[in-house]
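Engineer: Before I ask anything, here is the structure I am working with.
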Amino acid sequence: MAKTAKIAPVKLNATEGNVAPGSVVQIKSGGPKMTVEGVADNLVLCVWHTDNGALAVHRFMPTTLNVVG
């Protein structure tokens, strides 16, 4: 049986708390709500749907995100 890697939450900033897979975040400057898929190497992997319905994926620095849900 394969071992599942443990994903540790990352702290966004002093007031936001931790973000972990399943958290809903948004870039501080605005934009779509995104779902956190994972956290690795101090980067937050987010997925969201674009305006035309395509699935988008990108990694963000934790300092650029706010938890919104």
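The values are calculated or read from the model by the stated rules, or taken from the named source; none is laboratory data. Keep in mind that this is a model prediction, so the values were computed, not measured. Reconstructed Cβ throughout: ideal geometry from the backbone, glycine too, with neighbour counts over all protein chains shown. With ligands, DNA and RNA removed, areas are computed over all heavy atoms of the protein, side chains included. Shrake-Rupley method; radii C 1.70, N 1.55, O 1.52, S 1.80 Å.
Engineer: Filter the range 49-69 for residues that are more than 20 Å from N18 (Cα to Cα) and not acidic (D, E) and give the result.
Structural biologist: H49, T50, N52, G53, A54, L55, A56, V57
Engineer: Where residues in the range 1-37 are on the phi > 0 side of the Ramachandran plot and modelled with pLDDT of 80 or more, which of them is surrounded by the fewest Cβ atoms within 10 Å (Cβ to Cβ)?
Structural biologist: Once the filter is applied, the top-ranked residue is G30.
Engineer: Also, I was wondering about something else. Can you name the residue in the range 50-64 that is among the β-branched types (V, I, T), under 16 Å from K33 (Cβ atoms) and within 12 Å of the chain's Cα centre (by Cα) and is also least open to solvent (accessible area, probe 1.4 Å) among such residues?
Structural biologist: T64
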